[in-house]
Amino acid sequence: MPTGDGLLVRLRPIGTISLTAFKELCAAARQYGNGVVEVTARGIIQVRGLSAASAPRFADAIMLLSIAAEDGIPVIANALAGLDPAELIDAGALAADLRRALTRTSLPGRLAPKVSVAIDGGGALNLDTLSADVRLRAELVNGAVALRASVGGDGASATSLGAIMPSDCTEVALRLLEVIAQRGRDARARDILAAEEIGSFREALSSCPALCRASTSYQHEKEKKDVDGRDKPGHDSNPIGTYRLLDGSFARGVALAFGHAEAATLERLADAAEADGAHGVQIAPGRALIAIGLTRELANNFAAAAECLGFIVRADDPRRRVIACAGAPVCASALMTSRAIAPRLASIATPFDIHISGCAKGCAQPRSAAMTIVGTPDGCALVANGTARDTPFAMVSPEDVPAAIARYAEVCRV
Ligand code: SF4
């Protein structure tokens, strides 16, 4: 798609990318794009600055790398799916079944491009912070693995339809997507819920064998415990950390500061992972990369190397509290230099999350944030507990934004 500095390409990888292929991808971003690689909150790679001439050459270069990626309706499975000993079921395998089934239907051509499905296998890294039209999440019901089906939201806000058997995963997802498709090319699950409540979705599943049919909203806190009331170990959506894998090796997640990095720096990160014994990398939701195949000792080495290169290696790093879109001059719609201001706001170490949006579109975070700063023709709009489209409580000049946020943080701390 066209942006302020040329064409933008998105790649939604599936599973582990070999380090060789990842380095080649970064080299292609340097050669054909502007040399910056982005990883989004949904775990998508973005390369910017391509031209009509260079984009096909970039695509040809990527085709040669045999990176598994999806190009239909997004079906998102957990990072580490199939590798994670903590997962209740392999969400990657369920997602692959659904993707295959979708190619045999007319649904991809009848649904809005942003309609998505999240399949959460109940492992160490959950998908709770990602919004999806259809959600299926593994949980234990009477000691057996079931999938909690829900629609229209993230892990906390989606509306539950009850638990289904894993063998019904594909059929249930197709039926729920069909409900959305029948409402038109622009329909989304949350809009159907607002207009019609849950009835149509429930009716679509009326003939599915179900283990239980809870009609209440998704009970996020309860989902953190199994049926015996024990805490599920390490179930979190933050990918920064070290994880034991099924084969006895380890994975180490690090994040890109503000969701982007120089391609050359990412190549050096891949070199560091290779030197520490990793064989691949996964792109994870939360603007993160996870090196796969480390030993526990060398996982620490890798984290130290990543930190030296400017990557985020601790979940409490204040840069994790700031989300910034591409902004000016990268995006043609931008009325603010989002990325330039982001490090200054992170250094304030506010007790709340900040979303910096170059315009009211709010690409980097469609949902509400404690503080949203929006570029407008009249200056920077400050929105408390809202989205980039909500009414601001103050307008400040771009130069005054850090001081205004520092004052607001002081008030919040009192
Ligand atoms: S929010 Fe606006 S300025 Fe930022 S990337 Fe999206 S369209 Fe561009």
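Stretch Asn34-Ala195 to full length: gain in nm at 0.36 nm per residue minus the Cα-Cα span?
So the extension gain works out to 53.6 nm.
Just to confirm, what accessible area per residue do you get for the chain at 1.4 Å probe, in whole Å²?
Per residue, the chain has 43 Å² of solvent-accessible surface.
Which order, highest average first, do 315-328, 296-309, 97-110 follow once you tally other Cβ atoms within 10 Å for each residue and take the mean per peptide?
Result, highest mean first: 315-328, 296-309, 97-110.
What number, in percent, do you get for the relative contact order of segment 80-211 if the mean sequence gap of Cα pairs under 8 Å and at least 6 apart is divided by its residue count?
22
Take every Cα pair under 8 Å in segment 8-149 that's 6+ residues apart, average their separations, divide by the length, and report that relative contact order as a whole percent.
Here the relative contact order equals 20 percent.
Which of Thr372, Gln282, Ala409 sits closest to the plus end of the dipole of the chain, meaning its Cα is farthest towards the positive end, when Lys and Arg get +1 and Asp and Glu get -1 on the C-beta?
The one lying farthest along the dipole's positive direction is Thr372.
How far apart, in nm, are two points set 7 Å out from the Cα along the Cα-to-Cβ line at Arg185 and at Cys363?
2.3
I'd like the antiparallel share, as a percent to the nearest 5, of DSSP beta bridges with both residues in the chain.
Of those bridges, close to 80 percent are antiparallel.
Helix-derived [θ] at 222 nm for the chain: sum -39500 (n - 2.57) over DSSP H runs of at least 4, divide by residue count, nearest 500?
That calculation yields -8500 deg cm²/dmol at 222 nm.
Say R0 is 25 Å: what FRET efficiency, to the nearest 0.05, do Ala304 and Phe352 get from their beta-carbon distance?
Efficiency for this residue pair is about 0.25.
For Thr129 and Ser207 in the same chain, what is the full-extension length gain: residue separation times 0.36 nm, less their Cα-Cα distance, in nm?
In short, 25.0 nm is gained.
Would you mind telling me the share, in percent, of accessible area of the chain contributed by carbon and sulfur at probe 1.4 angstrom?
Ligands and nucleic acids excluded, carbon and sulfur reach 53 percent.
In a Debye calculation with equal point scatterers on the alpha-carbon sites of the chain and no solvent, what is log10 I(q)/I(0) at q = 0.06, 0.08 Å⁻¹?
Here the Debye-derived log intensity ratios amount to -0.24, -0.44.
Distance from the Cα centre of segment 1-62 to that of segment 340-414, in angstrom?
That distance is 29 Å.
The values are calculated or read from the model by the stated rules, or taken from the named source; none is laboratory data. This structure is a prediction, so every number in the text was calculated from the model and none was measured. Positions of Cβ are generated from backbone atoms using ideal geometry, with glycine treated the same way; all protein chains shown enter the neighbour counts. Quick note on the areas: whole protein, heavy atoms, side chains included, nothing else; ligands and nucleic acids left out. Shrake-Rupley method; radii C 1.70, N 1.55, O 1.52, S 1.80 Å.
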